[in-house]
Ligand code: B12
Ligand code: SF4
Ligand code: SF4
């Protein structure tokens, strides 16, 4: 009887490209995944999960008003094999601070070729941390990039990192919703995590009742009633007058071009309060 030799495949390793058996590939995949996760935790992320494009087919892609076009991982990086989501604990108001240039007027009121400077400090800090993961993967021969263009909350659920709360945010078991998210798309094949299955909210409604403008129904946000949208869109006419007034009264503005985005629906959540 003649049996076929296990197929050999070529995988990138620390010391370049060389042939490997499938068993060796599997253990390489496990050790690369472990090393990558440990690296992410040592950088300060509180958790990290992994999924792949074929498990992310039914997510809410497309435009969110004029705010953002959410795309599938393969539309952001055609050769993507694994999608990594990393969770960053936001423990200080600095992470909610937004700095816009004086020309900023709101989504949809600028042409795409206008150069407008805008920084959200939570994203800026996470982006720097996530670059370390991109460099880690690139040094091992895998094309990789940071992405904020995929729907991060629902992708995080598929990566096993938490559930979507009644505030519509990702609620993590350890830090509740008091987190920000960033993803890295990579050509590396990594071990996958299982999607998070349960709902953690139960009978709680604290975020829904705490929202100053009543922008929330359970699991649903009325975007134009959210003070974050109102603050980010100072000159649009789609925000109701009473929301605009409340936002001008309640949203703190440390300097002329900065404001601290509302985070009431994150702050009140009892989940993960001990660690947050
Ligand atoms: C657009 C956007 C906004 C918009 C619109 C928000 C929205 N909910 O869409 C505005 C400007 C209002 C906004 C506000 C805020 N945002 Co924002 N935002 C985003 C962005 C870019 C996309 C969000 C998105 O996916 N919208 C699409 C819609 C379809 O998603 P959805 O609301 O979750 O809709 C689902 C549910 O409503 C659900 N649903 C509807 N009906 C029902 C009924 C039932 C029964 C159930 C179960 C579900 C359900 O189905 C819908 C489809 O899946 C992400 C970054 C990213 N790339 O993902 C950050 C992001 C979601 N924002 C974030 C944060 C922190 C905030 C704020 C707290 C502001 C702040 N201080 O930073 C507020 C919170 C407001 C709120 N409660 O959602 C974080 C969330 C972190 C977390 N813990 O999840 C993100 C991930 C940014 C980041 N990089 O960390 N945001
Ligand atoms: S960010 Fe503020 S205004 Fe927007 S839904 Fe949360 S609590 Fe309400
Ligand atoms: S405050 Fe309550 S309802 Fe809102 S997300 Fe947290 S557990 Fe869920």
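The values are calculated or read from the model by the stated rules, or taken from the named source; none is laboratory data. A quick note: this is a predicted structure, and the numbers were derived from the prediction, not measured. Ideal geometry is used to build each Cβ from the backbone, glycine not excepted, and the neighbour counts take in all protein chains shown.
Quick grid of which residues meet (1) closer than 30 Å to residue 236 by Cα; (2) away from ligand 1 (no atom under 13 Å from the Cβ); (3) assigned to a helix (DSSP H, G or I):
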position	(1), (2), (3)
58	no, no, no
80	no, yes, no
87	no, no, no
105	yes, yes, no
115	yes, yes, no
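Restricting the search to region 40-51, which residues are surrounded by fewer than 16 Cβ atoms within 10 Å (Cβ to Cβ) and either in contact with a strand residue (DSSP E or B) (Cβ under 9 Å, 6 or more places away or on another chain) or not in a helix (DSSP H, G or I) (or both)? Answer for region 40-51, where residues must be surrounded by fewer than 16 Cβ atoms within 10 Å (Cβ to Cβ) and either in contact with a strand residue (DSSP E or B) (Cβ under 9 Å, 6 or more places away or on another chain) or not in a helix (DSSP H, G or I) (or both): 41, 44.
Pairs linking a residue in region 258-269 that is closer than 15 Å to residue 247 by Cβ to a residue that is part of a strand (DSSP E or B) and near ligand 3 (Cβ under 10 Å from one of its atoms), with Cβ atoms under 7 Å and 6 or more positions apart or on different chains, are 265/216. Condition check for residue 97 on (1) within 21 Å of residue 187 (Cα to Cα); (2) surrounded by fewer than 20 Cβ atoms within 10 Å (Cβ to Cβ): one failure, at (1). Do the conditions hold for residue 194, that is, is it loosely packed, with under 13 Cβ neighbours inside 10 Å, near ligand 1 (Cβ under 10 Å from one of its atoms) and in contact (Cβ under 8 Å) with a residue 12 or more places away in the chain? Answer is no for this residue.
Checking each residue in region 193-227 for being within 8 Å of ligand 3 (Cβ to nearest atom), touching a strand residue (DSSP E or B) at 6+ places or on another chain (Cβ under 8 Å) and under 17 Å from residue 96 (Cβ atoms) picks out only 207.
In the set 169, 190, 185, only one residue is within 11 Å of ligand 3 (Cβ to nearest atom), closer than 28 Å to residue 77 by Cβ and at pLDDT 95 or above; that residue is 169. Please work out if residue 268 is surrounded by 15 or more Cβ atoms within 10 Å (Cβ to Cβ), more than 22 Å from residue 47 (Cβ to Cβ) and over 19 Å from the mean Cα position of the chain (by Cα). So residue 268 does not fit the description; no. Note on region 147-167: residues that are surrounded by fewer than 20 Cβ atoms within 10 Å (Cβ to Cβ), over 11 Å from the mean Cα position of the chain (by Cα), in a loop (DSSP other than H, G, I, E, B) and within 8 Å of ligand 1 (Cβ to nearest atom) amount to 0.
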